[in-house]
Amino acid sequence: MYEEIRVRGTVQGVGFRPTVYRIAVENGLCGEVYNDGEGVIIRVSGSQKSLDKFVRQLQQECPPLARINEITRTRSEGEFNFDDFVISKSINNVINTEITPDTATCVQCQSEIFDPQSRWFRYPFTNCTHCGPRLSIIRSIPYDRSNTSMASFAICPECLNLYNDIKNRRFHAQPIACHICGPKAWLERADGKPFTASMFSMLDEVDAVCTLLQKGEIVAIKGLGGVNLACDATNETAVKKLRQRKQRYHKPFALMARDIAVIEKYCNPNAIERELLQSSKAPIVLVRAGDKNYPSLSASVAPNSNTLGFMLPYTGLHHLILKRMNRPIVFTSGNISDEPQCIDNSEAREKLGNIADYFLLHNRDIINRVDDSVVRVVGDKTRIIRRARGYAPASINLPSGFASSPQILAMGGELKSTFCLLRHGKAIISQHLGDLENVAAFNSYQETLDLYLKLFEHKPEAIATDLHPEYLSTKFGKQLAASNQLIEVQHHHAHVAACMAENNVDINTAPVLGIAFDGLGYGKDGTLWGGEFLLANYREFTRVAAFKPVPMIGGALCIHQPWRNTYANLVTRYNWQELVSKYGNLELFQFLQTKPISLLNQLISKQINSPLTSSVGRLFDAVAAAIGICRDTCSYEGQAAIEMEALIDENNKESLSYSFEIEKSNNISYIDSSYMWIQLLDDLQQNIPKQVIAAKFHQGLINIIVQMVSHLRQEYEFNQIALTGGVFQNAILLKQLECKLATFDTKVITHSLVPCNDGGISLGQAVIAAARLIK
């Protein structure tokens, strides 16, 4: 008689089997443990008391990177020929296990890298079962060395001894390597001329990178999930040079610092932000920039922003580079703006040769491109803005009722794209894959999807797509659905459902009030939505309120030229000549008068390339342009709104605000901003500072949302409110609304596991499709 114990979750490549072995031996048990496609199988014999203790210990002493989702125990009387406990060879069968995200170098490995007595002294690729590459190097499951890009590196005898040593933390660490047998890093000049570390009297070529950065050079560094571009963040000339060469003119750069002490020179992270920075996920954490009492970075690092995106080193390579660096470095993706990050040495030389002065490359292939994750702490809660390294592809457990769903593939959106595999009550969301309107990004999306389908042996019975007929993800999904069921999902319904799913809202719950604000999404009526109040469950929704729509003159041009939104808001609400006669002296009107007014009016009246939109994102752009922020052009999505938010002093308790109104038409309540615009123009005439105008707009928006919720409570029943969509990346809006809406004695749910932006809608599409298919 023995027990077969099935363990599901993140239990491969994380030191789980060694932990099982240790605890089994401690309890005097006999048997075996091995990996298979569903996770880990333990066949074990012993007294009932010792077996119960074994399972308790297993849960209590789970390795740092492991996550147990389920333990199933079954008594068996089959053949059992063990007189001790062993780790057996992995079995390949149907795949239902998880892949661990790449994780930051652990404290023990860091110590060895800088210990002259260690065999890993100054070795850039030092790792163990508690840290190092996972998703970025894997080709197939199970997670064994032969199925990764480490397969090409024959393990040396010393590493092999540690790999087989059950008591060593490198036991079965698949990427284990050292100076003798592992990957190598080297330095190249972009111009092809020879270079040696001895030219700068450095320890080695990795150490030479620090000197190059200190001298103002731009270095392309191949790391864990891609190539990054680095320069000294305090050197204005170097940062400006990087912006010009990379063609990234305004979007804030990410920063890497040697340790927390260096970060504290420039800002003051709170306890949660510190914990995130030092976690095994090691994301970029947006921290409020220090005031004038702090030393300044290059002005070009994060222009017109009040936050700095810091991360700590997450590989041995980074730790070695920054050992002598007492100031932060810019550490941004190695690409030309909007293209995917380079992952291949030849590709990096070709595409980054006119950007970088030097290349630090290595010969371990990156199989999966994985960007750095980005998070922000709002209201003492972690909000994921970009979910990638450290987070993906860890699965998300779905609420009660989804376990019986067929396998589903959800294609996501167009911007900040991800896709989602749903099966067995879990959702596996891909890492951030970028904006699909870029050809290279779309190609990468297709390649990554193909790899995931193979890795997880996922055979979808239904494909979920966005309603927008021109999204590339939608078109591709329809191609894949030729032999599957196609389920089209409205964009904002997907936002709301994603928020519900990550907050464990039951599949058969009563409708929640979803407040979904973003740039735009295709509506059921053929217009572009983006300021929505939806009464929704997983299967269906009713649009009960929205912002009053205005035309997007020139279509997508409005995203890049905010003044178009300003003009549309003014001219559709008021007589233009009357506005000119009253406000013509304003700089705003003098600017707008230089535009082809008659042509713009024709586009509106004839409905030529001027779709109606209720988008709150475009309203933010319109107000920002009115007060002189990014009036003419934006160089990245959301720039105007981000810079306007940065103007506001959160500590200012004044509650001045602009006024919005609610009106009803065709059973839908609309928020009308007409009066707000007159108040704003009057303030401009009175030379009210733009900081005050921005604050009054934010406060007015918060007030009207609360008023609308109060209004809707009189007509509809709901006991939960979901705040979702990219506009809720705005910390002021999110924080105050969470607080104010809670006074209705209604539960307010928000995002923390997936982004509130379009990076999360693939999850929403997947659960909506599942709910519709489950009988």
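The values are calculated or read from the model by the stated rules, or taken from the named source; none is laboratory data. As the structure is a prediction and not an experimental result, all values here were calculated from the model. Cβ atoms come from the backbone with ideal geometry, glycine included; neighbour counts cover every protein chain shown. For accessibility, only protein heavy atoms count, side chains too; no ligands or nucleic acids. Shrake-Rupley method; radii C 1.70, N 1.55, O 1.52, S 1.80 Å.
Rolling a 1.4 angstrom probe over the protein chains, ignoring ligands and nucleic acids, what is the accessible area of residue 259 in square angstrom, nearest 10?
50
What are the equivalent ellipsoid semi-axes of segment 444-552, built from the alpha-carbon gyration tensor (square roots of five times its eigenvalues), in whole angstrom, biggest first?
Numbers: eigenvalues 144, 70, 28 Å².
Equivalent-ellipsoid dimensions as semi-axes: 27, 19, 12 Å.
Which whole-angstrom value gives the distance between the alpha carbon centres of segment 657-681 and segment 153-222?
Segment 657-681 and segment 153-222 have Cα centres spaced 61 Å from each other.
Describe numerically, in nm with one decimal, the distance between label points set 7 Å from Cα along Cα→Cβ at residue 108 and at residue 296.
Between residue 108 and residue 296, the simple spin-label model gives 4.7 nm.
Which order do 416, 775 take when ranked by solvent-accessible area (1.4 Å probe, heavy atoms of all protein chains), largest first?
In descending accessible area the options line up as 775, 416.
Kirkwood hydrodynamic radius for segment 308-371: how many Å is it when counted over pairs of different Cα atoms?
Radius from the Kirkwood sum: 13.5 Å.
Please list, ordered by chain and number, the residues whose modelled amide H lies under 5 Å from the amide H of residue 377; skip anything fewer than 5 residues away on the same chain.
286, 383
7 Å from Cα along Cα→Cβ at both residue 439 and residue 586: what's the point-to-point distance in nm?
Here the modelled spin labels are 4.3 nm apart.
Give me the distance between the Cα centres of segment 600-635 and segment 736-775, rounded to whole Å.
28
Summing Lys, Arg as +1 and Asp, Glu as -1, what charge do residues with Cβ under 10 Å from the Cβ of residue 644 carry, residue 644 excluded?
Counting the neighbours of residue 644, the net charge comes to -2.
Once ligands and nucleic acids are excluded and a 1.4 Å probe is used, how much of residue 158 is accessible, expressed in Å² to the nearest 10?
For residue 158, solvent-accessible area is about 100 Å².
I need the semi-axes of the equivalent ellipsoid of segment 402-476: take the C-alpha gyration tensor, multiply each eigenvalue by 5, square-root it, list largest first in whole angstrom.
21, 14, 10
Once you have the Cα-Cα distance between residue 478 and residue 215, take 0.36 nm times their residue separation minus that, and quote the gain in nm to one decimal. Let's see the in-between values first.
Working: separation 263, 0.36 × 263 = 94.68 nm, distance 5.23 nm.
Between residue 478 and residue 215, full extension yields 89.5 nm more.
Suppose the chain between residue 674 and residue 25 were pulled fully straight at 0.36 nm per residue; how much longer would it get relative to their current alpha carbon spacing?
226.3 nm
Rounded to the nearest 10 Å², what accessible area does residue 339 show when all protein chains are kept and the probe is 1.4 Å?
That residue has around 60 Å² of solvent-accessible surface.
Please report the antiparallel percentage of DSSP beta bridges with both residues in segment 519-636, rounded to the nearest 5.
In segment 519-636, approximately 90 percent of DSSP beta bridges are antiparallel ones.
Enter the angle in degrees (range 0 to 90, nearest 10) between the Cα long axis of helix 491-502 and the first principal axis of the Cα atoms of the chain, meaning the one along which they spread out most.
40
Quote the charge dipole size of segment 643-775 about the Cα centre in Debye, to the nearest 20; the model charges only the Cβ of Lys and Arg (+1) and of Asp and Glu (-1).
520
Could you work out the Rg to Rh ratio of the chain, with Rh taken as the Kirkwood radius (inverse of the mean 1/r over all Cα pairs)?
We get a ratio of 0.99 for the chain.
Which percentage, to the nearest 5, of the DSSP beta bridges contained in segment 216-374 is antiparallel? List each step's numbers first, then the result.
Working: 16 of 23 bridges.
So the antiparallel bridges in segment 216-374 amount to around 70 percent.
Considering the options 44, 27, 71, tell which one lies farthest towards the positive end of the dipole of segment 19-79, charges being +1 on Lys and Arg and -1 on Asp and Glu at the Cβ, about the Cα centre.
In segment 19-79, that residue is 27.
Go through 298, 605 and list them by solvent-accessible area, largest first, probe radius 1.4 Å.
605, 298
What size of dipole, in debye to the nearest 20, comes out for segment 78-205 about its Cα centre when the only charges are +1 on Lys and Arg C-beta atoms and -1 on Asp and Glu C-beta atoms?
300
Once you charge only the Cβ atoms, +1 for Lys and Arg and -1 for Asp and Glu, what is the size of the charge dipole of the chain about its Cα centre, to the nearest 20 debye? Please report the intermediate quantities before stating the final value.
Values: 79 positive and 79 negative charges, 113 e Å.
Computed about the Cα centre, the dipole is about 540 debye.
What does the net charge come to around residue 545 if you take all other residues with beta carbon closer than 11 Å to its beta carbon, with K and R at +1 and D and E at -1?
With Lys, Arg at +1 and Asp, Glu at -1, the net is 0.
Report ³J(HN,Hα) in whole Hz for each residue of segment 439-447, in order, from the Karplus equation J = 6.51 cos²θ - 1.76 cosθ + 1.60 where θ = phi - 60°; Gly and Pro get x.
4, 5, 5, 5, 4, 5, 4, 5, 5
Could you check the spin-label model distance between residue 260 and residue 323? Points 7 Å from the Cα along Cα→Cβ, value in nm.
2.3
For the chain, with all protein chains present and a 1.4 Å probe, just round the carbon and sulfur fraction of the accessible area to a whole percent. Walk me through the intermediate numbers first.
Values: 14030 of 29620 Å².
That fraction is 47 percent.
Calculate, in nm to one decimal, what residue 237 and residue 651 gain on full extension: separation in residues at 0.36 nm each, minus their alpha carbon distance.
Answer, rounded to one decimal: 145.6 nm.
Can you tell me the accessible area per residue over segment 366-471, all protein chains present, probe 1.4 angstrom, in square angstrom?
Value returned for segment 366-471: 30 Å² of accessible area per residue.
Sort 218, 166 by heavy-atom solvent-accessible area, probe 1.4 angstrom, most to least.
Descending accessible area places them as 166, 218.
Using helices alone, what [θ] at 222 nm do you get for the chain, with -39,500 (n - 2.57) per DSSP H run of 4 or more residues, divided over all residues and rounded to the nearest 500?
After summing the helix terms and dividing by residue count, I get -9000 deg cm²/dmol.
Give me the net charge for the shell around residue 18: Cβ to Cβ below 10 angstrom, other residues only, Lys and Arg +1, Asp and Glu -1.
My count for the surroundings of residue 18 gives +4.
With axes computed from alpha carbons, what is the tilt in degrees of helix 761-773 against the longest principal axis of the chain, rounded to the nearest 10 within 0 to 90?
80
At a 10 angstrom cut-off on C-beta neighbours, averaged per residue, how do the peptides 501-513, 707-719, 400-412 rank from highest to lowest?
Values: 501-513: 19.3, 707-719: 14.8, 400-412: 22.2.
Descending packing order for the listed peptides: 400-412, 501-513, 707-719.
Just for the chain, what percent of DSSP beta bridges are antiparallel, to the closest 5?
70
For helix 674-685, what angle does its Cα long axis make with the longest principal axis of the chain, in degrees from 0 to 90 and rounded to 10?
80
Between residue 593 and residue 304, how high is the FRET efficiency from 1/(1 + (r/R0)^6) when r is the Cβ-Cβ distance and R₀ = 35 Å? Nearest 0.05.
0.85
Taking a ≥ b ≥ c as the square roots of the eigenvalues of the Cα gyration tensor of segment 184-294, is the shape rounded (a/c under 1.5), prolate (a/b larger than b/c) or oblate?
Working: a/c = 1.92, a/b = 1.58, b/c = 1.21.
Prolate.
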